[in-house]
Amino acid sequence: MAEGRFPPAFTTRMQIQLRQSWNEFLSVHENPSPTSIRINPLKCNSKDSEKIPWTDFGYYLEQRPSFTFDPLFHGGSYYVQEASSMFLEQAVKQTVDLSQQLRVLDLCAAPGGKSTHLLSLLNEQSLLVSNETIRSRATILAENIQKWGNNNVVITSNDPEDFQKIEGFFDVIAVDAPCSGEGLFRKDPHARIEWSEENVELCALRQQRILNQVWPSLKQNGILIYCTCTYNEKENEENLDWLVREKKAESIKLKVESSWGVEEVQTKNIFGYRFYPHKTKGEGFFISVVRKTEEQHEISIYRKKTFDHPTTKIKERLSDWLKESSEIEFIKQEELILALPKNYLFETEFLSKFLKVIQKGTAIAKAKHDKFIPEHALALSTKVKSESFSSIELSLAEAIAYLRKDVLNLSAEKTNFTLMNYKNMPIGWSNLLGNRMNNLYPSAWRIRNNYNPTIEG
C-alpha cells in the first residue's frame, strides 16, 4: 500500500486532516496519474476527449502518448498540464475583468503552464510578464512561450524583491509558490523522498517572503492569485491569513460546482480551494485569491523611445510577414528584428530598464546585409502571415525527421525560405535551394530519441 511509502509525519497529519476519506486518498495513490492537456485556442479548436470541467481549454486523455513524437506538440497546438492547476482559469475569470487592458505578472512561471494559460485568457491588448528566477528554467519557459505564439509577453529572470522597484505596476499577479510538493506524491515519487517537516517550515517562510517582496508591485484593487501543489495548512491557509492581516487584503470567495469535487476551505475569513486526487480527477493543489485594498503608489512610465528601431524600408518589408502589422512596433537588437505590441512599447522599454529581460515580443528575423533570415519564433507565431511564404505540407514521418533536424529530400521550383507545416500548422523553417534543403529547426530543440511511434489525432 502507498501508506508505507509516505513519510510517517505526513501520514499522521493527513489521517487527521482527511478522517474517513484517508483510505480513499491512500488507494488512489496506487493508480497512475491522469493525463491531461490544454489546447491553444489560437491554433486548435477542440479535442475529441473528455473535457476538464473547470476550464474551456482542458481535456483528459485516455492514455499518455509519446508527446515528443507529436509535431503538433512542438508547434504549440497544446500544452501538457496537470488538470487541477487549470483551475487558475476560474480564479481569473471570476475576479478579473478580462475585457480590460491588463498588466499581469506570473511570478514563478517555469516551465510555462500558467503563463500560456493566462495568454489564452487575456485579450491581445493586455501584457503578460512571465518571470522565472532560475536562469536555466527561464530558458525552458522562453521555449514554451515561443511555441504558444503570442507576442504580448515579456520574459524576465528576476528575484521577487526586484519587482519592488515597479510599484503599483500590475493589475494581476499569479504566485505559484515553490512548496513542499505533497500534491505531487502520486506522479513524482521523488517528492516523497524530499519531503520533511523541516522543509515544510522552510517553504512556508519562503512563501511569506515572496508574497511580501512582490506585494508593492500590485496596484490598489489589484488581484493576487496564490497557489501551491501541497495540502499543508502552514503553506496555504496560514500564509493567506498572514497576508490578509499584515497587508489588509480581502480574501475572495469563488463559485465552485459541487460536481467538480473541489473542497472549499474557510478559516478566519480566508477562502481557499483544495484539490484531493481521490475527489477530483487530478493531482493535489491549493488556490486562493485576494484583492489588495490598501492604497498603493503607482510608478510613472517614461514615455520616451529608447529602443533602437529599424529603417522604414525594413519595416515595410517585414510588415508583409505579419497579420495586423499596423498594431506592431519593430525594434532592433543587434542583428535581430523583434515585433512588439505597439500599445505596450513604452511599458516594455520601462521593464527593460528595471528588470533582467531575456525575451520580449516575437523574434521576426535576423538582418544580414540586404537579406532577412526568418526566426523560428516567427514560424510559431499566431501573427505569421503564412500566405506571404512558400510552404510544404509534411507527412508524420517527414515531420519527425524535420524535428530531428535531418535533411529531407525536398525540392522546390523557387529558392526561398519555406514554412514546414504538419496538418496545416507551421512547425519551423527550411531554406530550399532547388533540389537541396537547409533544415533551420533550432539545434537545441531537436528530437534526439530514435523511437518513432504512430501519432493519432
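The values are calculated or read from the model by the stated rules, or taken from the named source; none is laboratory data. What you see is a predicted model; the values in this text were computed from it and never measured. Counting neighbours? That spans all protein chains shown, and the Cβs are built from the backbone with ideal geometry, glycine included. Note: accessible area is taken over every heavy atom of the protein model, side chains too, but ligands, DNA and RNA are not part of it. Shrake-Rupley method; radii C 1.70, N 1.55, O 1.52, S 1.80 Å.
Structure values in brief
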| read-out | value |
| --- | --- |
| ³J(HN,Hα) computed for each position of the stretch 236-246 - Karplus, 6.51 cos²θ - 1.76 cosθ + 1.60, integer Hz, glycine/proline x | 10, 4, 5, 5, 5, 4, 4, 4, 5, 6, 6 |
| At R0 = 41 Å, FRET efficiency that the Cβ-Cβ distance of ASN450 and TRP242 yields, to 0.05 | 0.20 |
| Pair LYS353, GLU327: separation of 7 Å Cα→Cβ label points (nm) | 2.7 nm |
| Degrees between helix 135-148 axis and first principal axis of the chain (Cα, 0 to 90, nearest 10) | 60 degrees |
| Enclosed volume per residue, in Å³, of the convex hull spanned by Cα atoms of the stretch 116-271 | 149 Å³ |
| Whole-angstrom gap from the stretch 58-109 to the stretch 125-165, using each part's C-alpha centre | 15 Å |
| Of LYS51/LYS281; LYS43/LYS323; LYS51/LYS279; LYS43/LYS353; LYS114/LYS405, those spanning more than 22 Å from alpha-carbon to alpha-carbon | LYS43/LYS353; LYS114/LYS405 |
| Fraction of alpha-carbon pairs over 13 Å apart in the stretch 362-405 - percent | 67 percent |
| Globularity index of the stretch 335-383, i.e. its alpha-carbon radius of gyration over 2.2 N^0.38 Å | 1.26 |
| Antiparallel bridge percentage (DSSP; both residues within the chain; nearest 5) | 75 percent |
| Nearest-20 debye value, the chain charge dipole, Cβ charges on Lys, Arg, Asp, Glu | 1020 debye |
| The stretch 5-127, accessible area per residue, ligands and nucleic acids excluded (1.4 Å, Å²) | 41 Å² |
| In nm, spacing of pseudo-spin labels at GLU197 and ILE299 (7 Å Cα→C-beta vector) | 4.2 nm |
| Partner aspartates and glutamates for LYS247 [C-alpha distance under 12 Å; skip if fewer than 8 residues away on the same chain] | GLU294, GLU295 |
| For the stretch 98-112, 3J(HN,Hα) per residue [Karplus equation, 6.51 cos²θ - 1.76 cosθ + 1.60, θ = phi - 60°, Hz, x = Gly/Pro] | 6, 7, 8, 7, 10, 10, 10, 10, 9, 6, 10, 8, 5, x, x |
| ³J(HN,Hα) computed for each position of the stretch 151-165 - Karplus, 6.51 cos²θ - 1.76 cosθ + 1.60, integer Hz, glycine/proline x | 10, 8, 9, 10, 9, 10, 10, 10, 6, x, 5, 5, 6, 5, 6 |
| Extension gain, ASN269 back to SER21 (0.36 nm per residue minus Cα-Cα distance, nm) | 86.7 nm |
| Computed E for GLN100/GLU250 - FRET, C-beta separation, R0 22 angstrom, nearest 0.05 | 0.70 |
| Cα lying deepest toward the dipole's positive end in the stretch 27-176, options ASN158, SER99, ILE140, charges on Cβ | ILE140 |
| Largest-first principal axis extents of the Cα set of the stretch 174-227 (Å) | 41, 22, 10 |
| Computed over the chain: relative contact order in percent, which uses C-alpha pairs under 8 Å that are six or more apart | 14 percent |
| Sulfur and carbon atoms: percent of accessible area, the stretch 273-380 [1.4 Å] | 46 percent |
| Paramagnetic reach from ASP320 in the stretch 357-388 [backbone N under 11 Å; point 7 Å along Cα→Cβ] | 388 |
| Ordering of 329-340, 291-302, 221-232, 66-77 by packing [mean C-beta count within 10 Å, highest first] | 221-232, 66-77, 329-340, 291-302 |
| Ellipsoid semi-axes in whole angstrom, largest first, where each is sqrt(5λ) of the Cα gyration tensor of the stretch 243-305 | 33, 17, 9 |
| Heavy-atom surface of the stretch 340-434, accessible at 1.4 Å and reported per residue (Å²) | 42 Å² |
| Point-to-point label distance, GLU62-LYS385, nm (Cα→Cβ direction, 7 Å offset) | 4.4 nm |
| Peptides 315-324, 346-355 ordered by average Cβ neighbours within 10 Å, highest first | 346-355, 315-324 |
| P(r), alpha carbons of the chain - 20 Å bins starting at zero, rounded % | 23, 53, 22, 1 |
| Extension reserve of the SER49-ARG291 stretch, reckoned as 0.36 nm per residue once the Cα distance is removed | 83.5 nm |
| Gain on full stretching of the segment that runs from LEU205 to ASP370 - 0.36 nm per residue minus C-alpha separation | 53.9 nm |
| Relative contact order [Cα under 8 Å, 6+ residues apart], the stretch 278-342, whole percent | 23 percent |
| Approximate shape of the stretch 161-202 as ellipsoid semi-axes (Cα gyration tensor, √5λ), whole Å, largest first | 31, 13, 7 |
| Of all accessible heavy-atom area on the stretch 211-264, the percent that carbon and sulfur account for (1.4 Å) | 40 percent |
| Rounded to 10°, Cα long-axis angle of helix 345-354 versus longest principal axis of the chain | 60 degrees |
| Spherically averaged projected area of the stretch 15-154 from its Cα convex hull (nm²) | 10.6 nm² |
| Using alpha-carbon coordinates, inclination of helix 197-214 to the longest axis of the chain, degrees | 60 degrees |
